[in-house]
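The values are calculated or read from the model by the stated rules, or taken from the named source; none is laboratory data. Predicted model, so just to flag it, every value in this text is computed and none were measured. Cβ coordinates were reconstructed from backbone atoms using ideal geometry, including for glycine residues, and neighbour counts include every protein chain displayed. Surface accessibility is based on the protein's heavy atoms, side chains included, excluding ligands, DNA and RNA. Shrake-Rupley method; radii C 1.70, N 1.55, O 1.52, S 1.80 Å.
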Amino acid sequence: MGKLIVFEGTDGSGKSTQFRLLTERLTREGIDFTKLVFPQYSEPSSTLIRMYLGGEFGPNPSDVNAYTASTFYAVDRFASYQKVWKDEYQAGKLIVSDRYTTSNAVHQASKEPPEKRADFLKWLYDLEFDKMKLPKPDLVLYLDMPLRLTEQLMREREVQTNTNADIHEKDMAYLRQCKEAAEFAANYYGWKRIACEKHGMLRTPREIHEDIYACVKACLEE
């Protein structure tokens, strides 16, 4: 089997930037890999996700419970695995992914009360890894971004990309819950934390990347 490395974090934590920096460096260094981005918005398997995020099932994230919404994303990942990267992974190739099952652990676990989050996380991994037979990540890089910076970074991204926020990104109360759920999930699953702040200041993308690359190198050498 190959190795699966996953980027995770709350919205606005810089996942896309760090994913790009890592994949560019892997390419420069001649390391063969396949990159994935979830959800697959251009594929039919993401139809329910797009309907959900577009507010067709209700204008608030809580209008669709954690277990139901998680299945939307799980089906999209299953389709991707079967159609895109199963053979490469089983042949030993490195797979690098921006989001994965881990995103349900962040966004959907936030809908559960704190005392029920462990039950949800156990159910989630059983669904995707045991029942659906999707590969488990070898390394999850959790970008630990302070919540006070999250909204600022998301609004800047909207201006730069000329896009509108989805129902997750518009709801700051929901994003606060996601941050709490992300902290819980990182501890529960043992994700590798990558600090995005130092001494009260946001670290530069390059500084964060160097920490990430050190973790990736260690994973590949195992």
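Checked against (1) buried (at least 19 other Cβ atoms within 10 Å of the Cβ); (2) closer than 24 Å to GLU183 by Cα; (3) among the aromatic types (Phe, Trp, Tyr), TYR67 passes all but a single condition, namely (1).
Scanning the range 96-121 for residues that are in contact with a Phe, Trp or Tyr (Cβ under 9 Å, 6 or more places away or on another chain) and charged (D, E, K, R) yields ASP98, ARG99, LYS111, GLU112, ARG117. For the range 28-67, taking the residues that are β-branched (Val, Ile, Thr) and in contact with a Phe, Trp or Tyr (Cβ under 6 Å, 6 or more places away or on another chain), the one that is nearest to THR17 (Cα to Cα) is identified as THR34.
Screening ARG77 on (1) open to solvent by less than 80 Å² (accessible area, probe 1.4 Å); (2) more than 30 Å from GLU210 (Cα to Cα); (3) at pLDDT 95 or above shows it passes everything except condition (2).
So which residues in the range 5-63 are under 27 Å from ALA186 (Cβ atoms), without any contact (Cβ under 8 Å) to a residue 60 or more places away in the chain and of a type in the set (Gly, Ala, Ser), if there are any at all? Answer for the range 5-63, where residues must be under 27 Å from ALA186 (Cβ atoms), without any contact (Cβ under 8 Å) to a residue 60 or more places away in the chain and of a type in the set (Gly, Ala, Ser): just SER46. Candidates are the residues of the range 131-160 that are surrounded by 13 or more Cβ atoms within 10 Å (Cβ to Cβ), among the aliphatic types (A, V, I, L, M) and out of contact with any Lys or Arg (no Cβ under 9 Å at 6 or more places or on another chain); the one that is modelled with the lowest pLDDT is MET154. Can you tell me which of SER62, SER13 is modelled with pLDDT under 95, surrounded by 20 or more Cβ atoms within 10 Å (Cβ to Cβ) and of a type in the set (S, T, N, Q)? After ruling out the rest, the residue left standing is SER13. Is the range 23-39 home to any residue that is within 21 Å of LEU127 (Cα to Cα), open to solvent by 20 Å² or more (accessible area, probe 1.4 Å) and out of contact with any Leu (no Cβ under 8 Å at 6 or more places or on another chain)? Checked against the condition, which is being within 21 Å of LEU127 (Cα to Cα), open to solvent by 20 Å² or more (accessible area, probe 1.4 Å) and out of contact with any Leu (no Cβ under 8 Å at 6 or more places or on another chain), the range 23-39 yields at least one hit.
Exactly one residue out of LYS93, LYS111, LYS86 is of a type in the set (Lys, Arg) and farther than 27 Å from LEU21 by Cα, and it is LYS111.
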